[in-house]
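I have a structure I would like to understand better, so I am pasting it below and will then ask my questions one at a time.
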Amino acid sequence: MFYKSTRCGVDKISFKDAIMMGLATDGGLIVPEYVPKLSPHDLKKQDFKSIAFEIFKLYIGDIREDKIYELIDKSYSAFDDSEITPLKQFDDLYILELFHGPTYAFKDIALQFLGNLFEYILDESNQTLNVLGATSGDTGSAAIYGLKGKKNVKVFILYPKNGVSPTQELQMCDIEDENVFPIAINGTFDDCQNIIKEIFKDNAFKEKYHLGSINSINFARILAQIVYYYYAFLKVGKNVLFSVPTGNFGDIFAGYLAKLMGLPVEKLILATNENDVLYRFARFGDYSKQNVKKTLSPSMDIQLASNFERYIYYLYNQDCNKVKDLMSQLNKNGKLIFTDKLSQIQNEFSSYRVSDWMILQTIRDFYEKYNYIIDPHTACGVKAAFSEGKQVVCLATAHPAKFSEVIENALGFKIDLPEKLAKLKTKKRSFEQENSIKAIKHFIELNANV
Ligand SMILES: *Cc1c(COP(=O)(O)O)cnc(C)c1O
């Protein structure tokens, strides 16, 4: 299998090169040159790791099969449930718990694998990597847990000093490994992201310090997320709908790719919070940028969705010239209109927008009926699933204890923290830097692998 860019500028690169490239060098996203087929009925072993192995083999042409299995085994052994992504049933609604990894959010599923994959590729090719990222909470801790202690990799994560929860900050900082650098910035999440963007634009600096990224545009993250759609389908045993709490469109895109591969998915339900750019797209064909609102489900607070371009590529029959054209229009005008494609879009997706008020109500109603606590992101998916009114698998993207303030607000009591969260105590490694590109570049110069 080879890989290419959605914007035509990269072609015929191997899996390993695609993973190390992250974002395509022409600004597009990496996609496989064709979509391989896999019928779930052909899967003899139906445990998570075996399914992952069968799927990954189709996409990875340049790593030996025994090594692929070893990477999978290592990545999912750190999960605290033997099923890895257990499925729970509540009448017509199934909840697929994706939060049994080390940081209690679904991002662990991809980032545990990506961390091991990076380590393997670097070791084999005698290279080093310095991963640079910004976080509003979940991605940073999942990236740190994916990379801590790994050889030849250092990880620098910028976060807003007063913009993440105390638990999230401790998750990033209560760590001994010396390859980890959580950096508090006196500014907002947008400031952190801007610093990163500017540094990545400096090609000379990027090359000198072998900078890499772990954000959700890396194809390995999509690949790892395909697995649980197959897993859930096989558990339920029939054609289902999936409801996905969506931000950057990475998780739901993995479901879409599973469908293209031949998994019988009746529909994908795209659940958004009040940051509803994708809801407006799926409902009205209107993809236009608006300001970000802070909501109770912060990991879905986005302005534009970074993985959206991958879907557009398939919507226009893999026409990379068309995608290139559309993306430059989006850049210029801040919006795209897809009314001509609306019937196709609505064959594949339905969409619901869930307000903060509805999030709290859904957490309360679900607890009263089933004695089961859902987190505010999952609540968006559950509300959307109920609105659709069919048998649905809803992806549960975070453990409720990660958002204990919201749960207390909804239910009136404090939720017990899982052992690993309760044990977090001190900031062992934490760094503070000014809100400036220069300061961060200097910090990297002093601490990076070269
Ligand atoms: C990242 C995240 C999401 C959104 O996933 P995307 O792939 O960005 O759509 C939803 N819920 C939680 C808890 C997350 O951390």
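The values are calculated or read from the model by the stated rules, or taken from the named source; none is laboratory data. Quick caveat, the model's predicted, so the values are computed rather than measured. Neighbour counts run over all protein chains shown; Cβ positions are idealised from the backbone, glycine included. Note: areas computed on protein heavy atoms with side chains; ligands, DNA, RNA excluded. Shrake-Rupley method; radii C 1.70, N 1.55, O 1.52, S 1.80 Å.
At 1.4 Å probe size, put D202, D138 in order of accessible surface, largest to smallest.
Working: D202 50, D138 10 Å².
The residues order as D202, D138, largest area first.
Using a cut-off of under 19 Å, list every residue of segment 139-172 whose amide N is near the label point 7 Å from the Cα of L411 along the Cα-to-beta-carbon line.
So the set is 167-168.
Let me ask you something else. Using modelled backbone amide H atoms (1.01 Å from N, in-plane), which distant-in-sequence or interchain residues come within less than 5 Å of E266's amide H?
V240, L241
Follow-up question, since we're still on this one. Would you rank Y311, Y94 by solvent-accessible area, highest first, keeping every protein chain in place and using a 1.4 Å probe? Intermediate values should be presented prior to the final figure.
Details: Y311 0, Y94 25 Å².
The residues order as Y94, Y311, largest area first.
Is segment 46-147 rounded, prolate or oblate when judged by the Cα gyration tensor, a ≥ b ≥ c being the square roots of its eigenvalues, rounded requiring a/c under 1.5 and prolate requiring a/b larger than b/c?
Numbers: a/c = 2.58, a/b = 1.31, b/c = 1.96.
Judged from the Cα gyration tensor, segment 46-147 comes out oblate (a/c at least 1.5, b/c at or above a/b).
With the cut-off at 23 Å, tell me which of the pairs K238/K402; K150/K427; K57/K259 have Cα atoms farther apart than that.
Details: K238/K402 32 Å; K150/K427 20 Å; K57/K259 18 Å.
Pairs exceeding 23 Å: K238/K402.
OK, next. Measure off, as a whole percent, the carbon and sulfur share of the 1.4 Å-probe accessible area of the chain, all protein chains present. Please list the in-between numbers first.
Details: 8190 of 18030 Å².
C and S atoms contribute 45 percent here.
Here's a follow-up. Please list, ordered by chain and number, the residues whose modelled amide H lies under 5 Å from the amide H of S351; skip anything fewer than 5 residues away on the same chain.
Residues meeting the criterion, in which the H sits 1.01 Å from N, are L270.
In a shell of Cβ-Cβ distance under 13 Å around K151, excluding K151 itself, what net charge do Lys and Arg (+1) and Asp and Glu (-1) give?
On the way: positive: K148, K150, K154; negative: E119, D123, E124, D177, E178.
Result for the local shell: -2.
Can you run the Rg to Rh ratio on the chain? Use alpha carbon positions and the Kirkwood inverse-distance Rh.
Numbers: Rg = 20.6 Å, Rh = 22.1 Å.
Reported Rg/Rh (Cα atoms, Kirkwood Rh): 0.93.
Are there any GluC sites (Glu not before Pro) in segment 382-450 that are in a DSSP loop and have at most 15 other Cβ atoms within 10 Å? List them by number.
Details: sites: E388, E405, E408, E419, E432, E434, E445; in loops: E434.
The qualifying sites are E434.
Express the accessible area of the chain per residue in Å², computed with a 1.4 Å probe while the remaining protein chains stay in the model.
Working: 18030 Å² over 450 residues.
Here the per-residue accessible area is 40 Å².
For H210, H442, what's the largest-to-smallest order of accessible area, 1.4 Å probe?
Values: H210 75, H442 100 Å².
Solvent-accessible surface, decreasing: H442, H210.
Using a 4.7 Å Cβ cut-off, which Cys residues in the chain lack a partner cysteine?
Lacking a cysteine Cβ partner under 4.7 Å: C173, C192, C380, C394.
While we're on this one: Which of the helices in the chain meet the span-like rule: DSSP H, Cα axial reach of 24 Å or more, Kyte-Doolittle mean at least -0.5? It would help to have the intermediate numbers written out before the result.
Working: long enough: 107-125 (27 Å, 0.22); 219-236 (27 Å, 1.05).
Taking the DSSP H segments of the chain (at least 24 Å long, mean hydropathy at least -0.5), we get 107-125, 219-236.
Oh, and also: What is the calculated FRET efficiency for K49 to I337, with r their C-beta to C-beta distance and R₀ = 41 Å, to the nearest 0.05?
Values: r = 43 Å, r/R0 = 1.06.
Calculated transfer efficiency: 0.40.
On to the next question. Using helices alone, I'd like the mean residue ellipticity at 222 nm for the chain: each DSSP H run of four-plus residues gives -39500 (n - 2.57), total over residue count, nearest 500.
Theoretical 222 nm ellipticity from helices: -13500 deg cm²/dmol.
Note down the accessible area of F90, probe 1.4 Å, to the nearest 10 Å².
Here the residue's solvent-accessible area equals roughly 30 Å².
Place a point 7 Å from Cα of E434 in the direction of its Cβ. Which residues in segment 176-200 have their backbone N less than 13 Å from it?
Output list for this probe position: 186.
I want the local charge near E119. Using Cβ-Cβ distances under 10 Å, sum +1 for each Lys or Arg and -1 for each Asp or Glu among the other residues.
Details: positive: K74, K150, K151; negative: D123, E124.
For residues surrounding E119, the net value is +1.
I've got another one for you. Which shape class, rounded, prolate or oblate, goes with segment 173-236 when its Cα gyration tensor gives a ≥ b ≥ c as root eigenvalues, a/c under 1.5 marks rounded, and past that a/b bigger than b/c marks prolate?
Details: a/c = 2.25, a/b = 1.82, b/c = 1.23.
In terms of gyration-tensor shape, prolate.
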